[in-house]
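**Student:** Pasting a structure below so you can have a look.
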Amino acid sequence: LLWIGIAMTVLYVVLIEKLGFFLCTAIYMALFMWIGRYRRAGVILATSLIGSLAFMFMFMKVVYVSLPLGVEPFAQVSFALMRLMGIK
């Protein structure tokens, strides 16, 4: 499990520029919970989506840190979420 976690983290770092912070973090969190043998899909989905949104809001709206938006078409997800959260 340790090596899988390390590989997932490396893959996260590689993909974050392409997928954008929100999508990459949501996928990473969901897979990490699944690999950790937690099997309640609804909880995994809710936790990864809410957690990613919370991180995005905290970094971009509160701390003013620029996060990777991703390349098209993934950037459109980031822009839509930023509009919904009032981030400019």
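The values are calculated or read from the model by the stated rules, or taken from the named source; none is laboratory data. Note that this is a predicted model, so its numbers are computed, not measured. Neighbour counts are summed over all protein chains in view; Cβ atoms, including those assigned to glycine, are modelled from backbone coordinates with ideal geometry. To get the accessible areas, we keep the full protein, side chains included, count just its heavy atoms, and leave off ligands, DNA and RNA. Shrake-Rupley method; radii C 1.70, N 1.55, O 1.52, S 1.80 Å.
**Student:** Go through the stretch 67-80 and report how many residues are under 17 Å from LEU49 (Cβ atoms) and either touching a helix residue (DSSP H, G or I) at 6+ places or on another chain (Cβ under 8 Å) or surrounded by 16 or more Cβ atoms within 10 Å (Cβ to Cβ) (or both).
**Tutor:** Looking only at that region, the number is 5.
**Student:** Six or more apart or on different chains, Cβ under 6 Å: which pairs go from a residue in the stretch 69-88 that's at negative phi to one that's not in a helix (DSSP H, G or I)? Could you list them?
**Tutor:** Close Cβ pairs satisfying both conditions: LEU69/GLY20; PHE74/GLY20; ALA75/LEU69; SER78/GLY20; SER78/LEU69; SER78/GLY70.
**Student:** Okay, moving on. Consider the stretch 45-74. How many of its residues are in contact with a Gly (Cβ under 6 Å, 6 or more places away or on another chain) and in a helix (DSSP H, G or I)?
**Tutor:** Count: 1.
**Student:** Could you list, in sequence order, the residues of the stretch 45-66 that are of a type in the set (S, T, N, Q) and buried (at least 19 other Cβ atoms within 10 Å of the Cβ)? Walk me through it before giving the result.
**Tutor:** Restricting attention to the stretch 45-66, the residues satisfying the condition of being of a type in the set (S, T, N, Q) are 47-48, 52, 66.
Residues satisfying the conditions are SER48, SER52.
**Student:** While we're here: I'm trying to understand the selection: among the residues of the stretch 31-65, which are among the polar types (S, T, N, Q) and over 22 Å from GLY86 (Cβ atoms)?
**Tutor:** THR47, SER48, listed by residue number.
To keep it simple, each residue is scored yes or no on (1) without any contact (Cβ under 8 Å) to a residue 24 or more places away in the chain; (2) assigned to a loop (DSSP other than H, G, I, E, B).
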{"site": "TRP3", "(1), (2)": "yes, no"}
{"site": "ALA7", "(1), (2)": "yes, no"}
{"site": "LEU11", "(1), (2)": "yes, no"}
{"site": "VAL14", "(1), (2)": "yes, no"}
{"site": "ALA26", "(1), (2)": "no, no"}
{"site": "MET33", "(1), (2)": "yes, no"}
{"site": "TYR38", "(1), (2)": "yes, yes"}
{"site": "VAL43", "(1), (2)": "yes, no"}
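**Student:** Of all residues in the stretch 28-44, how many are among the hydrophobic types (A, V, I, L, M, F, W, C), open to solvent by 50 Å² or more (accessible area, probe 1.4 Å) and either touching a helix residue (DSSP H, G or I) at 6+ places or on another chain (Cβ under 7 Å) or under 14 Å from GLY70 (Cα atoms) (or both)?
**Tutor:** Final tally of qualifying residues: 4.
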